[in-house]
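J.: Please read through the structure below; I'll follow up with questions.
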Amino acid sequence: MGRKITVLRLGHRVVRDQRVSSHVALTARALGADEIVFAGDHDPALLESISKVVEKWGGGFKASYTQDWRRFLTERKAQGEYVVHLTMYGVGIQDVEEELREAYATRGIVLVVGSSKVPIEVYELADINVAVTNQPHSEIAALAIALDRIHQGKELTISYPDAKITIKPSRLGKLRKKKNSREEIN
């Protein structure tokens, strides 16, 4: 198994969490996760939006929905994946980042991020509860830091050969130009 990162976004609410859940998905994709699974309200528009991002920007990132997050976590644990709950109440990521990298390499990881109040059962089902800081912060920040620590910065240069849109970095701003059927943003 190994070399797979799934993000489980708990408690998605269609109207209230649309923007934050989108940003969780964008962060997961951009920083090297393989898939995101949403639990809470079923939101086909959110899944379609993520699918369109992948279609334009490339890669094999997947987005799906589960009606039963408990079953999802139980099944993934039974398959051997390492369940990591990102919470400010956990142990410091700096103290367990090697453990996370080892789990990623050998077992695969499920990174769990919440939205509204996270049920105590999540803390109990997790193999480990990990904090990027013990101060209030967002699930987006926690996810970004966790993925960066797991990948050791290598995710910052990800590129996808099937991308229809790419960015050419520039110190002076952005220019848009289309090249063949591929759009480059500079």
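J.: Per-residue HN-Hα couplings for region 122-129, Karplus 6.51 cos²θ - 1.76 cosθ + 1.60 at θ = phi - 60°, whole Hz, x for Gly and Pro?
T.: Karplus values, whole Hz, x for Gly and Pro: 5, 4, 6, 6, 5, 6, 7, 9.
J.: Please find the FRET efficiency linking ASP127 to LYS56, where r is the Cβ-Cβ separation and R0 is fixed at 41 Å, and quote it to the nearest 0.05.
T.: In this case the efficiency is close to 0.70.
J.: Here is a follow-up. Check which residues have an amide H placed less than 5 Å from ILE167's amide H, if you skip close sequence neighbours.
T.: For ILE167, the qualifying residues are ILE185.
J.: Same structure, new question: Tell me, in nm to one decimal, what length is gained between ARG171 and GLU155 on full extension, where the rule is 0.36 nm per residue of separation less the Cα-Cα distance?
T.: 3.7 nm
J.: For LYS77, go through the aspartates and glutamates and keep the ones whose alpha-carbon is under 15 Å away, minus same-chain ones fewer than eight residues off.
T.: ASP68, GLU121, GLU124, ASP127
J.: Residue by residue, what Karplus-based ³J(HN,Hα) values in Hz, rounded to whole numbers, does region 79-86 have, using 6.51, -1.76 and 1.60 with θ = phi - 60° and x for Gly and Pro?
T.: So the Karplus estimates, Gly and Pro as x, are 7, x, 6, 8, 8, 10, 8, 8 Hz.
J.: Let me ask you something else. Counting Lys and Arg as +1 and Asp and Glu as -1, each charge on the Cβ, what is the dipole of the chain about the Cα centre in debye, to the nearest 20?
T.: 1140 debye
J.: Rounded to the nearest 5, what % of the DSSP beta bridges within the chain are antiparallel ones?
T.: 15 percent
J.: For the chain, what are Rg and Dmax over the alpha carbons, in angstrom?
T.: Considering the chain through its Cα atoms, Rg and Dmax are 16.9, 53 Å.
J.: If you don't mind, another one. With a ≥ b ≥ c taken as the square roots of the eigenvalues of the C-alpha gyration tensor of region 116-156, please select rounded if a/c is under 1.5 and otherwise prolate if a/b is larger than b/c or oblate if it is not?
T.: Prolate shape, in that a/c is at least 1.5 and a/b is the bigger ratio.
J.: On to the next question. Which entries in LYS4/LYS117; LYS56/LYS168; LYS4/LYS164; LYS154/LYS174 show an alpha-carbon gap greater than 21 Å?
T.: Checking Cα-Cα distances, LYS4/LYS117; LYS4/LYS164; LYS154/LYS174 exceed 21 Å.
Read-outs: derived from the displayed coordinates by stated rules, not from any lab. Model, not experiment: these values are computed from the prediction. As a convention, Cβ positions derive from the backbone with ideal geometry for all residues, glycine included, and neighbour counts pool all protein chains shown.
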